[in-house]
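The structure appears below as structure tokens.
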Amino acid sequence: QKEVEQDPGPLSVPEGAIVSLNCTYSNSAFQYFMWYRQYSRKGPELLMYTYSSGNKEDGRFTAQVDKSSKYISLFIRDSQPSDSATYLCAMSGQAGTALIFGKGTTLSVSS
Amino acid sequence: DSGVTQTPKHLITATGQRVTLRCSPRSGDLSVYWYQQSLDQGLQFLIQYYNGEERAKGNILERFSAQQFPDLHSELNLSSLELGDSALYFCASSVRPLLAGDTQYFGPGTRLTVL
């Protein structure tokens, strides 16, 4: 079993839809959770950063962490064609240490 | 633009050769991380440096080595290249490991093709 599991998709939604992206993990030592967005042939761009359990909101993006279920989510409201990208979850046990990534979910938002 | 720079953008070479990838971290960042991204394995951590010293090693092959220089730029050396080394290589930087809230910012990557 991989430490971090993420459905690769692809996920196709119409513009304006609410998108839900998820990851599960097996290592209970993970405390820091991140979502990165990666456009084709570009470097990952940090979207959301969460410590421990709880919710965090930033504009159209909401990150949720449920440590009891070892499950993290990213919600995108009012999705736009510019949101079309691969979304990678990442996590670590300590701040500033190696990140363990999911394989990424490819999202396509059509206008 | 994350502020992390990587050169070259693309590299095409032959099996058995050696290449050097270069990374300059964001201004003020002391830690550099190298990751490899392939289609089948996803993003995998290779090695981390902090202020010139190796801090952590991940799935880095013995044919690969890295260093961080006094000006904090880093180089990843890949030798005796094999077809399977073809991948995207990313550098990331952060201010200081173990600092609460420390996050990694990624460069644009170097695409390595081994023929």
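Determine if the stretch A:74-88 includes at least one residue that is farther than 30 Å from B:PRO8 by Cβ and among the basic types (Lys, Arg).
The answer is yes; a qualifying residue exists.
Could you tell me whether the stretch B:23-38 includes any residue that is facing chain A (nearest Cβ under 8 Å), under 29 Å from A:THR50 (Cα atoms) and among the aliphatic types (A, V, I, L, M)?
no
So A:GLU57 clears everything in (1) charged (D, E, K, R); (2) within 14 Å of chain B (Cβ to nearest Cβ); (3) not in a loop (DSSP other than H, G, I, E, B) except one condition, right? Which one?
(2)
Name every residue in the stretch B:85-115 that is open to solvent by less than 10 Å² (accessible area, probe 1.4 Å), at the interface with another protein chain (Cβ under 7 Å from one of its Cβ atoms) and of a type in the set (A, V, I, L, M, F, W, C), in order of residue number.
Once the filter is applied, which keeps residues that are open to solvent by less than 10 Å² (accessible area, probe 1.4 Å), at the interface with another protein chain (Cβ under 7 Å from one of its Cβ atoms) and of a type in the set (A, V, I, L, M, F, W, C), the stretch B:85-115 yields B:PHE90, B:PHE106.
Within the stretch A:78-98, work out how many residues are within 20 Å of A:ARG41 (Cα to Cα) and of a type in the set (A, V, I, L, M, F, W, C).
4
Would the stretch B:46-59 turn up any residue that is open to solvent by 60 Å² or more (accessible area, probe 1.4 Å), of a type in the set (S, T, N, Q) and in contact with a Ser or Thr (Cβ under 7 Å, 6 or more places away or on another chain)?
no
Here's a check for you: in the stretch A:13-50, which residue that is over 24 Å from A:SER82 (Cα atoms) and not in a loop (DSSP other than H, G, I, E, B) is most open to solvent (accessible area, probe 1.4 Å)?
A:THR24
Quick one: count up the residues across the stretch B:20-33 that are open to solvent by less than 20 Å² (accessible area, probe 1.4 Å) and more than 17 Å from B:PRO108 (Cβ to Cβ).
Matching residues across the stretch B:20-33 total 1.
Assuming B:LYS9 fulfils every condition listed in (1) within 27 Å of A:PHE33 (Cβ to Cβ); (2) facing chain A (nearest Cβ under 10 Å) apart from one, which condition is it?
With (1) within 27 Å of A:PHE33 (Cβ to Cβ); (2) facing chain A (nearest Cβ under 10 Å) applied to B:LYS9, the lone miss is (1).
What tally of residues in the stretch A:86-97 results from selecting those that are outside any loop (DSSP other than H, G, I, E, B) and either within 11 Å of chain B (Cβ to nearest Cβ) or open to solvent by 10 Å² or more (accessible area, probe 1.4 Å) (or both)?
Qualifying residue count, the stretch A:86-97: 5.
With of a type in the set (Ser, Thr, Tyr) and farther than 27 Å from A:LYS2 by Cα as the only criterion, which of B:TYR35, B:TYR50, B:TYR89 stands out?
B:TYR50
Do you know which of the residues in the stretch B:1-11 that are surrounded by 12 or more Cβ atoms within 10 Å (Cβ to Cβ) and at pLDDT 95 or above is nearest to B:LEU115 (Cα to Cα)?
This residue is B:LEU11.
Run A:ILE100 past the list (1) under 12 Å from A:PHE30 (Cβ atoms); (2) surrounded by fewer than 21 Cβ atoms within 10 Å (Cβ to Cβ) and report the number of the one that doesn't hold.
(2)
Among the numbered conditions (1) among the β-branched types (Val, Ile, Thr); (2) under 15 Å from the mean Cα position of the chain (by Cα); (3) more than 28 Å from B:LYS57 (Cα to Cα), tell me where A:VAL109 comes up short.
(2)
Inspect the stretch A:71-85 for any residue being open to solvent by 60 Å² or more (accessible area, probe 1.4 Å), of a type in the set (S, T, N, Q) and at pLDDT 95 or above and give the result as yes or no.
yes
The values are calculated or read from the model by the stated rules, or taken from the named source; none is laboratory data. Computed from a predicted model, the values in this text were never measured in an experiment. Note that each Cβ is placed from the backbone with ideal geometry, even for glycine, and that neighbours are counted across all protein chains shown. Surface accessibility is based on the protein's heavy atoms, side chains included, excluding ligands, DNA and RNA. Shrake-Rupley method; radii C 1.70, N 1.55, O 1.52, S 1.80 Å.
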